[in-house]
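J.: What follows is a single structure, and I will ask about it in a moment.
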Amino acid sequence: MVSTPELMAWTAVVTVIMLALAWLAERVPPLKTTISLVEDVLAALFLSAGLTVVMISVVTRYVFNNPLGWADEFARVFVAWGAMFGFSVALRERRHIGVDLLYTAVPDRVKHGMDLLANLIGLVFAAFMSVTGWKLIVFLKMLGLKSIYTDIPEWILQLIIPLGFLIFALQFALNLFDVVRGREPIHEEVAGV
C-alpha cells in the first residue's frame with residue numbers, strides 16, 4: 001500500500017518535471033510543435049484503429065456470423081487510448097467544456113487569476129492521477145493478470161492511465177505558461193445553449 005505523503009511527494013515531483021518540460025518547450029519551439037504533433041498523431045491513430053476494429057467486428061458478427069472474441073477488447077482499448085490523447089489535444093486547442101457563468105461576469109484581472117488557478121489545479125490533478133496510475137500498473141504487474149481474450153498482460157492494456165494523464169499534465173503546464181505570458185485562453189460562447 002502507498003502512503004498519502006508518498007503520493008503527495010511523487011505528485012509534486014511530477015508537477016515540477018512537467019513545469020520544467022513546459023518551460024523548455026516554451027524556449028525551444030520545435031519541441032512544442034513536436035509534442036503537439038505526437039498528440040495529434042497518437043489520438044488519430046488509436047481512434048482510427050478502434051473504429052476499424054469495431055467495423056471489422058460488426059462485419060464478422062453480422063455478415064459472416066462469426067464474432068471475433070478479441071475485437072471488443074481491442075476496440076475498447078484503442079478508443080480509450082485515442083480518447084486520452086484526444087483530451088490533451090482538446091485542452092491544447094481550448095475545446096474542453098467549461099462552465100463560464102461566473103467567468104463572464106468578472107473583470108479581466110479576475111479572469112486571469114481564474115485561468116491561472118484552473119490550469120494549476122488541472123496540472124496537479126493530472127500529475128496525481130499519473131502517479132496513482134503508475135502505482136496501479138505496478139500492482140497489476142505484480143498480480144500478473146492477463147486479458148481473457150488476448151492473453152496480453154493487463155498492465156499493458158491499462159498503461160494509458162498514467163501515460164494519458166502525464167500528457168494531460170504536460171498540456172496543463174503548457175497552458176499555464178501561456179496564461180502567465182499573457183496568451184489568454186480562448187473562451188467561446190455558444191449562442192442558444
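Taken together, the values in this text are just the output of simple stated rules run on the coordinates, not laboratory data. Quick caveat: nothing in here was measured; it's all calculated off a predicted structure. So basically every Cβ, Gly included, is an ideal-geometry build from the backbone, and we count neighbours across all protein chains shown.
J.: Near GLY50, within a Cβ-to-Cβ distance under 14 Å, what is the net charge of the other residues, with Lys and Arg +1 and Asp and Glu -1?
T.: That sum, taken over residues with Cβ under 14 Å, equals -1.
J.: Give a residue-ordered list of calculated ³J(HN,Hα) values for the range 147-162 (Karplus: 6.51 cos²θ - 1.76 cosθ + 1.60, θ = phi - 60°; whole Hz; x for Gly, Pro).
T.: Once θ is set to phi - 60°, the couplings for the range 147-162 become 5, 5, 8, 10, 6, 7, x, 4, 5, 5, 5, 8, 4, 5, 4, x Hz.
J.: Normalised by the residues of the range 1-93, what does the relative contact order come to in percent, with Cα pairs under 8 Å and at least six apart?
T.: Contact order relative to length: 30 percent.
J.: What whole number of Å gives the distance from the Cα centroid of the range 1-63 to the Cα centroid of the range 103-122?
T.: 25 Å
J.: Taking the simple approach of a point 7 Å from Cα along Cα-to-Cβ for both SER3 and THR60, what is their distance in nm?
T.: According to this spin-label approximation, the distance is 4.9 nm.
J.: Restricting everything to alpha-carbon atoms, can you work out Rg to Rh for the range 4-180 with a Kirkwood hydrodynamic radius?
T.: Answer for the range 4-180: 1.06.
J.: May I pose another question? Using the Cα atoms of the range 1-86 to build a convex hull, what is its mean projected area in square nanometres?
T.: One quarter of the hull surface, i.e. the mean projection, equals 8.1 nm².
J.: Could you please rank LYS146, LYS111, placing first whichever residue has the fewest other Cβ atoms within 10 Å of its Cβ?
T.: Fewest to most other Cβ atoms nearby, the residues stand as LYS146, LYS111.
J.: Further question on the same structure: Straight-line reach from LYS135: which lysines have Cα under 27 Å away, leaving out those fewer than 8 places along the same chain?
T.: Answer for LYS135, where 27 Å is the Cα cut-off: LYS146, listed by chain and number.
J.: Just to be sure I understand the curve: with the Debye formula and one point per C-alpha of the range 46-99, what is log10 I(q)/I(0) at q = 0.20, 0.22, 0.24 Å⁻¹?
T.: Ignoring solvent entirely, the Cα scatterers give -0.68, -0.75, -0.82.
J.: For the Cα atoms of the chain, what angle does the longest principal axis make with the long axis of helix 29-62, in degrees from 0 to 90, nearest 10?
T.: The two axes meet at around 30 degrees.
J.: I've got another one for you. What is the angle, in °, between the Cα long axis of helix 108-143 and the longest principal axis of the Cα atoms in the chain? Nearest 10 is fine, range 0 to 90.
T.: Result, in degrees: 30.
J.: In terms of modelled amide H atoms, which long-range or inter-chain residues lie less than 5 Å from the amide H of ILE152?
T.: Those lying under 5 Å, H to H, from ILE152 are SER147.
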